[in-house]
Amino acid sequence: MSEPVLAVRDLVKHFPVTRGVVFRRTVGQVRAVDGVSLDLYPGETLGVVGESGCGKSTLAQVLMRLTPPTSGTATFEGEDLFAKRGAALTAWRRDMQIVLQDPYTSLNPRKTVGDIVGEPFDIHPEVAPKSDRQRRVQELLEVVGLNPEHIRRYPHQFSGGQRQRIGIARALALRPKVIVCDEPVSALDVSIQAQVLNLLSDLQREFGLAYLFIAHDLGVVRHLCDRVAVMYLGSIVETGTAEEIYTRASHPYTQALLSSVPVPDPSLRGRREAVRLEGDVPSPADPPSGCRFRTRCPKAAPVCAEDPPALEVRPSTDHPAACHFAEPPHLVRVE
Amino acid sequence: MTETAPGVRPAGAAAPEGTGAGTEHTGGLWADGWAQLRRRPLFWIASALIGVLLLMALFPSLFTSVDPQAADLALSGADPSPDAIFGRDLQGHDIYARAIHGAAPTLTVGLLASLGTVVLGSLAGLAAGYVGGWGDSLISRFAEVFAGLPFILGGIVILTTFNKPGQIVGEVRIITQVVLTIVVLSWPLAMRIMRAAALEATQQDYVKAARALGAGPWRIVGRHILPNTLAPVLVFATIQFGVFIGAEATLSFLGIGLRDPVVSWGVMISEAQERVADIPQALFFPAAFLVVAVLAFVMLGDAVRDAFDPRGR
């Protein structure tokens with residue numbers, strides 16, 4: 001494959017936990033993102049999957065330069081992403097955009113759809129001459145499957161799925177190379193989710209987009225993602241192609257996530273070995289020693305508490321997993 | 001039944017079409033807001049009342065030719081009559097003429113104090129809510145200093161510092177002083193309301209999306225935060241308009257606010273309080289003017305707030 005468009009190395013984002021109003025003192029660190037490395041290649045979809053609170057959204061915010069990283073590097077087309085300032089930063093924003101999770105809060109309720117989708121052109125006037133903007137906005141609405149005549153309507157006059165399409169049109173306006181999708185369908189009805197996922201997939205083909213697709217369950221990203229990275233408590237625990245993850249998941253956490261995806265075939269019900277997770281995700285302010293998953297892991301052994309496993313390919317596996325006992329599942333195939 | 005049904009249907013079918021056309025807006029936020037406003041009877045009633053009040057304030061001679069200072073003690077407390085249609089007060093002033101001439105100082109104090117409070121409070125609140133952190137702490141603590149002063153005590157301290165008791169002070173000077181006193185003592189209220197609204201709006205995803213697009217702080221505050229935080233402050237302003245006219249009356253009553261030769265409704269009310277039982281008209285008429293004025297501004301604020309909220313349409 002060609003050079004990655006986005007390359008992230010050892011990205012760390014800690015949020016200080018403070019006490020006191022006037023004299024703030026730091027009493028701890030929430031390790032929201034703790035050493036994440038990933039590559040995103042042009043035109044592909046990389047799924048980032050994990051439970052709520054594992055740091056997926058923080059990762060998106062840091063990569064969008066909405067919040068500064070604690071440490072680590074990221075390069076966009078070979079240029080240092082976190083070194084960009086002023087005009088270079090503004091110019092870069094044309095290349096990387098975000099679709100946010102909640103379509104009910106991501107659109108300003110007091111602006112018309114035309115204003116919302118046209119705002120990128122106001123901020124980057126060099127992209128389209130003023131006289132051309134309305135046509136461009138209507139084109140975008142058509143591309144995402146909305147009626148271009150609804151340009152004067154307000155967000156509250158649309159349904160959740162339609163609002164998410166407006167959010168996608170806004171992200172698409174500047175013809176970015178990369179779109180970060182921060183759980184774009186998790187706030188939508190299941191019947192609408194498929195429509196929006198199909199739209200994203202069509203747009204990817206049409207515009208050659210690369211998606212960093214964040215989701216909290218593996219089922220949603222299955223048909224969209226070329227590669228998948230599974231996150232747990234701020235770190236990636238397993239990464240591989242979609243096929244490797246879905247058929248030969250070797251980390252116990254990924255296996256647990258996979259066994260929680262509903263099976264459409266009733267005859268398979270009860271025949272596959274369910275891996276159920278016990279307990280809650282530990283606090284990211286005080287993560288367990290060694291392997292972070294060991295407190296909930298069915299395979300946990302004394303070595304797990306002492307030695308954090310590296311994300312690497314092991315003899316029994318064909319793709320990187322951060323587990324001392326990584327091995328393909330002995331599950332009935334869900335195909 | 002079956003025969004009436006076809007007759008009913010076109011009306012039912014026409015209704016959604018009508019609302020469909022109604023929701024199809026043609027302009028931006030301001031044009032749509034104005035289009036909404038024009039359709040509200042409440043807005044026109046309030047505007048008409050405010051128009052009359054403004055006319056009264058600007059051209060009192062259109063309403064009366066009687067000198068509000070002309071006093072005849074022989075006529076003290078006279079009942080309403082063709083000579084003085086609202087009657088006369090303790091000093092024998094024509095109450096009607098005084099009420100008309102009282103509009104200008106009253107409205108000036110009410111409007112300027114509301115405007116000053118809202119502008120100062122909103123700017124401070126926006127800055128505190130948007131910047132957050134240390135800036136927020138600094139502005140909030142500073143506001144608490146002023147919010148902690150009791151209004152009457154603060155008013156007495158400020159106004160007696162600038163004017164000796166019993167000193168004759170010019171009209172412009174005393175109105176300016178009263179307005180500034182009210183603004184200085186009241187802006188923390190507007191600031192708190194604006195800060196809360198701005199804090200909430202700053203956390204919204206649409207602000208995040210705008211930042212991801214590369215919007216600068218002025219665009220974010222002006223286009224995204226301000227339009228979504230104005231409604232509560234606007235309501236506050238219309239309510240405070242009435243409160244400030246009352247505050248002006250309180251200061252007048254204490255002898256440190258507006259005073260003769262300036263006539264205001266507050267001055268008239270405070271003068272009338274001592275003899276309410278003997279001369280009720282001296283209290284009733286300025287109070288009625290005050291109530292109508294406050295009501296008109298509250299109605300206007302209500303109509304404006306509703307018209308500029310797209311969700312209410």
Segment A:110-128: number of residues that are in contact with a helix residue (DSSP H, G or I) (Cβ under 8 Å, 6 or more places away or on another chain), more than 8 Å from chain B (Cβ to nearest Cβ) and part of a loop (DSSP other than H, G, I, E, B): 2
B:G129 vs. criteria touching a Lys or Arg at 6+ places or on another chain (Cβ under 7 Å) and surrounded by 15 or more Cβ atoms within 10 Å (Cβ to Cβ): yes
Check on B:L159, surrounded by fewer than 23 Cβ atoms within 10 Å (Cβ to Cβ), in a helix (DSSP H, G or I), within 16 Å of the chain's Cα centre (by Cα) and not polar (S, T, N, Q): no
Tabulated pairs, segment A:282-310, first at positive phi and in contact (Cβ under 8 Å) with a residue 12 or more places away in the chain, second crowded, with 16+ Cβ neighbours inside 10 Å and in a helix (DSSP H, G or I), C-beta under 6 angstrom, 6+ apart or interchain: A:G290/A:C304
Enumeration of residues in segment A:51-109 that are aliphatic (A, V, I, L, M), more than 12 Å from chain B (Cβ to nearest Cβ) and assigned to a strand (DSSP E or B): A:A74
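So that you can scan it fast, the table gives a plain yes or no per residue for (1) within 14 Å of another protein chain (Cβ to nearest Cβ); (2) modelled with pLDDT of 90 or more:
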site	(1), (2)
A:P4	no, yes
A:A7	no, yes
A:V12	no, yes
A:G20	yes, no
A:G28	no, no
A:V36	no, yes
A:D39	no, yes
A:V48	no, yes
Number of positions in segment B:49-64 that are at pLDDT below 90, surrounded by fewer than 16 Cβ atoms within 10 Å (Cβ to Cβ) and of a type in the set (F, W, Y): 0
Options A:L224, A:L257: the member that is more than 18 Å from A:F325 (Cα to Cα) and not in a strand (DSSP E or B): A:L224
Some residue of segment A:14-23 being buried (at least 18 other Cβ atoms within 10 Å of the Cβ) and farther than 23 Å from B:W134 by Cα: no
Qualifying residue in segment B:133-142 (condition: within 14 Å of chain A (Cβ to nearest Cβ), part of a loop (DSSP other than H, G, I, E, B) and small (G, A, S)): no
Qualifying position, being in contact with a His (Cβ under 8 Å, 6 or more places away or on another chain) and closer than 28 Å to B:G121 by Cα, among B:R311, B:R223, B:R305: B:R311
Given (1) of a type outside the set (F, W, Y); (2) surrounded by fewer than 16 Cβ atoms within 10 Å (Cβ to Cβ); (3) touching a helix residue (DSSP H, G or I) at 6+ places or on another chain (Cβ under 6 Å), index of the condition B:V292 fails: (3)
Segment A:51-67, subset among the hydroxyl-bearing types (S, T, Y) and in contact with a strand residue (DSSP E or B) (Cβ under 9 Å, 6 or more places away or on another chain), residue surrounded by the fewest Cβ atoms within 10 Å (Cβ to Cβ): A:T67
Answer from B:V169, B:V145 - the residue that is assigned to a helix (DSSP H, G or I) and either away from chain A (no Cβ under 12 Å) or without any contact (Cβ under 8 Å) to a residue 24 or more places away in the chain (or both): B:V145
Qualifying residue in segment A:204-221 (condition: modelled with pLDDT under 90, under 12 Å from the mean Cα position of the chain (by Cα), in a loop (DSSP other than H, G, I, E, B) and within 30 Å of A:F293 (Cβ to Cβ)): yes
Of all residues making up segment A:106-129, the number that are surrounded by fewer than 18 Cβ atoms within 10 Å (Cβ to Cβ) and under 30 Å from A:L38 (Cα atoms): 1
Members of segment B:261-301 that are over 25 Å from B:E171 (Cα atoms), touching a residue at least 12 places away in the same chain (Cβ under 8 Å) and not in a helix (DSSP H, G or I): B:D278, B:I279
Test set (1) within 14 Å of another protein chain (Cβ to nearest Cβ); (2) surrounded by fewer than 21 Cβ atoms within 10 Å (Cβ to Cβ); (3) on the phi < 0 side of the Ramachandran plot - B:Y206 fails condition number: (2)
Any pair with Cβ under 7 angstrom, 6 or more apart, that starts in segment A:194-208 at a residue that is farther than 12 Å from A:H223 by Cα and ends at one that is among the β-branched types (V, I, T): A:V196/A:V185; A:L199/A:V144; A:L199/A:I168; A:Q204/A:T45
Residue satisfying all of: in segment A:129-165; part of a loop (DSSP other than H, G, I, E, B) and more than 14 Å from chain B (Cβ to nearest Cβ); farthest from the chain's Cα centre (by Cα) among these: A:P129
Selection within segment A:311-324 - surrounded by 17 or more Cβ atoms within 10 Å (Cβ to Cβ) and either in contact (Cβ under 8 Å) with a residue 40 or more places away in the chain or within 28 Å of A:P16 (Cβ to Cβ) (or both): A:L311, A:R314, A:T317, A:H319, A:P320, A:A321, A:A322, A:C323
Residue within segment B:63-72 that is free of Cβ contacts under 8 Å to residues at least 40 places away in the same chain, of a type in the set (G, A, S), in a loop (DSSP other than H, G, I, E, B) and touching a His at 6+ places or on another chain (Cβ under 8 Å) present: yes
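The values are calculated or read from the model by the stated rules, or taken from the named source; none is laboratory data. Please read these numbers as outputs of a predicted model, since none were measured by experiment. Here Cβ is always computed from backbone atoms with ideal geometry, including for glycine, and neighbour counts include all displayed protein chains.
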